[in-house]
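Undergrad: Please find one structure pasted underneath; my questions will follow.
The values are calculated or read from the model by the stated rules, or taken from the named source; none is laboratory data. Predicted, not measured: the structure shown is a model, and the values here were computed from it. With ideal geometry, Cβ positions are generated from the backbone for all residues, glycine too; neighbour counts draw on all protein chains shown.
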Amino acid sequence: MSSVLSQVSKKILEKLEKGKKLSTEDLILLYLDLTHREIRETRRELREEIREVNRRIDETNKRIDETNKRIGNVQETLLAKIDESNKRIDDTNKRIDRVQETLLAKIEEINKRIDETNKRIDKVQETLLTKIEETNKRIDETNKRIDSIQTSLSARIDHVREALLAKIEETNRRIDRVQETLLAKIEETNKRIDELYKLYAELRGR
């Protein structure tokens with residue numbers, strides 16, 4: 001069809017160059033040839049635009065894949081940090097247990113020594129009444145010191161636990177912030193993809 005119109009148009013133009021009058025059919029054929037050429041050019045431009053849109057869609061898909069990979073890497077990093085935090089908490093709890101066991105052992109040792117002292121006091125009660133009273137005073141002071149040590153250690157253990165809980169809460173807040181940022185980026189990427197599809201639909205509509 002294209003070659004036939006071109007040949008007909010060439011003959012009509014040669015006729016026009018010779019000064020001959022063109023008929024209505026000649027004008028219609030020239031118009032058809034021009035229209036066909038414009039349509040062919042328009043199709044060529046559309047094919048190029050469609051190829052460009054497809055190329056951009058491919059690039060967008062690659063970016064989405066890269067984004068998904070980055071999300072996976074971030075998730076692995078966060079999980080590793082959470083595991084590390086849990087290990088540190090477990091280690092701290094074990095250290096607290098060891099300290100508590102040591103303190104209990106020392107308290108039992110002190111109690112044994114007090115019992116031995118009481119036995120010795122009983123043996124020399126008749127001859128050493130004054131010394132027994134003095135020893136009793138020392139025992140009372142020792143008990144007060146033991147109570148003070150227990151209170152101080154309980155406070156320190158509570159403080160350590162509160163600090164650990166605060167660190168865990170801070171870690172959870174950081175995880176929430178990272179998740180919100182990632183979700184916002186994914187939503188923005190989806191919007192851009194939707195815009196590309198709309199543009200592609202508009203180009204096809206033309």
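Undergrad: Scan region 3-28 residue by residue and report those that are under 18 Å from ARG40 (Cβ atoms) and at pLDDT 75 or above. Can you show your working first?
TA: The initial filter retains those residues of region 3-28 that are under 18 Å from ARG40 (Cβ atoms), namely 3-10.
Once the filter is applied, which keeps residues that are under 18 Å from ARG40 (Cβ atoms) and at pLDDT 75 or above, region 3-28 yields nothing.
Undergrad: Output yes when any residue across region 126-137 is in contact with a Ser or Thr (Cβ under 7 Å, 6 or more places away or on another chain), outside any loop (DSSP other than H, G, I, E, B), surrounded by 12 or more Cβ atoms within 10 Å (Cβ to Cβ) and at pLDDT below 90, and no when none is.
TA: Start the filter on region 126-137 by keeping residues that are in contact with a Ser or Thr (Cβ under 7 Å, 6 or more places away or on another chain), which leaves 135.
With the extra rule that they be outside any loop (DSSP other than H, G, I, E, B), the set shrinks to 135.
Now narrow it down to the ones that are surrounded by 12 or more Cβ atoms within 10 Å (Cβ to Cβ): 135.
Now narrow it down to the ones that are at pLDDT below 90: 135.
Checking region 126-137: at least one residue is in contact with a Ser or Thr (Cβ under 7 Å, 6 or more places away or on another chain), outside any loop (DSSP other than H, G, I, E, B), surrounded by 12 or more Cβ atoms within 10 Å (Cβ to Cβ) and at pLDDT below 90.
Undergrad: Conditions first: (1) under 21 Å from the mean Cα position of the chain (by Cα); (2) closer than 27 Å to ARG204 by Cβ. ASN68 passes all but one, so which condition is the exception?
TA: Unmet for ASN68, out of (1) under 21 Å from the mean Cα position of the chain (by Cα); (2) closer than 27 Å to ARG204 by Cβ: (2).
Undergrad: Here's another thing I want to ask about it. Pick from THR24, THR42, THR35, THR60: which is in contact (Cβ under 8 Å) with a residue 12 or more places away in the chain, of a type in the set (Ser, Thr, Tyr), at negative phi and out of contact with any strand residue (DSSP E or B) (no Cβ under 8 Å at 6 or more places or on another chain)?
TA: After applying the criteria, what remains is THR60.
Undergrad: Taking ALA105 as the residue in question, decide whether it is among the small types (Gly, Ala, Ser), part of a helix (DSSP H, G or I) and within 22 Å of the chain's Cα centre (by Cα).
TA: Judged against the criteria, ALA105 is not a match.
Undergrad: Can you say whether THR117 is farther than 30 Å from GLU66 by Cβ, modelled with pLDDT under 80 and part of a helix (DSSP H, G or I), as far as the supplied structure shows? Break it down into steps so the answer makes sense when it comes.
TA: Working: farther than 30 Å from GLU66 by Cβ: yes; modelled with pLDDT under 80: yes; part of a helix (DSSP H, G or I): yes.
Yes.
Undergrad: Hey, another quick one. Among the listed residues ILE89, ILE110, ILE139, ILE96, which satisfies the condition of being touching a Leu at 6+ places or on another chain (Cβ under 8 Å), among the β-branched types (Val, Ile, Thr) and farther than 30 Å from THR189 by Cα?
TA: ILE89
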